Amino acid sequence: MRLVEIVSDSKAILIGRSFTIDGFAQRLVRVVTHAHSDHVLGLKDSIMYSNYIVATPATHELLYTLGYIGGANYRRLYEFKKIEMNYYEKREFDDETIILLPTTHILGSAQVLIDTDGYRIGYTSDFKLGDNTVYIKQPDILVIEATYGHPVYRRRFKHDVPDLLIDLINEGFKRYGRVVIYGYHGKLQEVMRIIREKGVEEPFILTKKIYAITQIAEKYGWRIGNYYLSTSREAKEIICSKQKHIFFDHMVKAKYRRIDGSVLNIVLSGHEYNEPVKKIDEYTWLAALSDHADFDELIEYIENSQPRIIVVDGSREGYPHIFAQELRRLGWNAVVLPFKRNG
């Protein structure tokens, strides 16, 4: 346990001697597992202090696009210090090795496996089970998230959501010809890919930042296609001609949505546990699409991983103490870090 620490204030995951993950600490290497704000904390401080900034190539691009790097001085230093690591690639720093492993969360997300002093220590970061998620097998210590670590958070319907989402979209096309989908960066691109995989080929119209992130997603192999910047001539022609299309916008805009009978709105949320889709008003539906493992998936990961010791991340939102209690009830050796009551 001397090789793992979680810092309450910075939310940094400290592993071994060299690594700070998803938060600032005075360490040789800063690792960013993915480009969500609660995992990019203190990045500018890390750019100034750490010798290396490690992430997948896609995450590095997203950090730029989402504005997390800062101004020109930070950018120059970041370019000098950044290290792009592909999945399964191994790097050594000060006699410790690190590997990034694939996971299902957002574009570029990674798990971390570190070998230090003869111990294998894994960190899941945020994840859900899916085609891209691999299990960190038999680590000495596994650090795991607990966003939905309470037994009440079980989405037994989660495999039904994609088909029901497509049903909503088709109903919106039939009634209004236009659908607007609201969500967070990363989740929006996941939904775009689901929609294409389900055979819906109507054009997507995207705001500026969503457009830029979608271009990065396509660069790294996500098939989306037929999308246009909302200010472009093509997008304006699609809208004016009343051609069927889907408009994507950020979640913060959902409270300003149109409820005048001209469009069907779909709000993407991970905070719905009772129904796969739920009607909010006459023109708005919520779709329960989460980027985090529910309680059953967290347990399934542990059972497939078979760690000797489990450290539940108690620095972020969720139910770490309840999850650790459930793990101990099932016979696992589990502890919450940092050592304070949270959730």
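The values are calculated or read from the model by the stated rules, or taken from the named source; none is laboratory data. Note that this is a predicted model, so its numbers are computed, not measured. Heads up, the Cβs are rebuilt from the backbone with ideal geometry, glycines too, and the neighbour counts pull from every protein chain shown.
Test LEU264 against the stated conditions and say whether it is within 25 Å of the chain's Cα centre (by Cα) and either modelled with pLDDT of 95 or more or under 23 Å from LYS11 (Cα atoms) (or both). Taking the combined requirement at face value, the residue does not satisfy it.
For the range 49-71, does any single residue satisfy the condition of being modelled with pLDDT under 95 and either more than 20 Å from the chain's Cα centre (by Cα) or β-branched (Val, Ile, Thr) (or both)? For the range 49-71, residues modelled with pLDDT under 95 and either more than 20 Å from the chain's Cα centre (by Cα) or β-branched (Val, Ile, Thr) (or both): present. TYR68 satisfies every condition listed in (1) in contact with a Phe, Trp or Tyr (Cβ under 8 Å, 6 or more places away or on another chain); (2) not in a helix (DSSP H, G or I) except (1). Listed by position, the strands (runs of 3 or more DSSP E) contained in the range 100-208 that have at least 1 residues being touching a residue at least 60 places away in the same chain (Cβ under 8 Å) and outside the structural domain of ILE13 (by TED's automatic domain parsing) are 178-183.
Let's see how each residue does on (1) under 21 Å from ILE194 (Cα atoms); (2) assigned by TED's automatic domain parsing to the domain that holds ASN170:
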residue: HIS271; (1), (2): yes, yes
residue: PRO276; (1), (2): yes, yes
residue: ASP281; (1), (2): no, yes
residue: ILE299; (1), (2): no, no
residue: SER305; (1), (2): no, no
residue: ILE310; (1), (2): no, no
residue: ASP313; (1), (2): no, no
residue: PRO320; (1), (2): no, no
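Entry remark, the range 232-255: residues being within 28 Å of the chain's Cα centre (by Cα) and farther than 20 Å from LEU168 by Cβ number 1 in total.
Of all residues in the range 214-223, none satisfies being over 18 Å from the mean Cα position of the chain (by Cα) and either buried (at least 17 other Cβ atoms within 10 Å of the Cβ) or more than 29 Å from ALA293 (Cβ to Cβ) (or both). Determine whether ALA254 is more than 30 Å from ASN226 (Cα to Cα) and out of contact with any Cys (no Cβ under 9 Å at 6 or more places or on another chain). Here the answer is no, as ALA254 does not meet what is asked.
Would you please name the residue that is surrounded by the most Cβ atoms within 10 Å (Cβ to Cβ), looking only at residues in the range 76-99 that are in contact (Cβ under 8 Å) with a residue 40 or more places away in the chain and assigned to a strand (DSSP E or B)? Looking at residues that are in contact (Cβ under 8 Å) with a residue 40 or more places away in the chain and assigned to a strand (DSSP E or B), I get ILE98.
Here's the yes/no breakdown for (1) charged (D, E, K, R); (2) under 25 Å from ILE21 (Cβ atoms):
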| site | (1), (2) |
| --- | --- |
| GLY122 | no, yes |
| ASP140 | yes, yes |
| TYR148 | no, yes |
| VAL161 | no, no |
| GLY177 | no, no |
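Close Cβ contacts (under 9 Å, 6 or more residues apart or on different chains) running from residues in the range 280-293 that are among the β-branched types (Val, Ile, Thr) to residues that are not in a strand (DSSP E or B) comprise THR284/ALA254; THR284/ARG257; THR284/ILE259.
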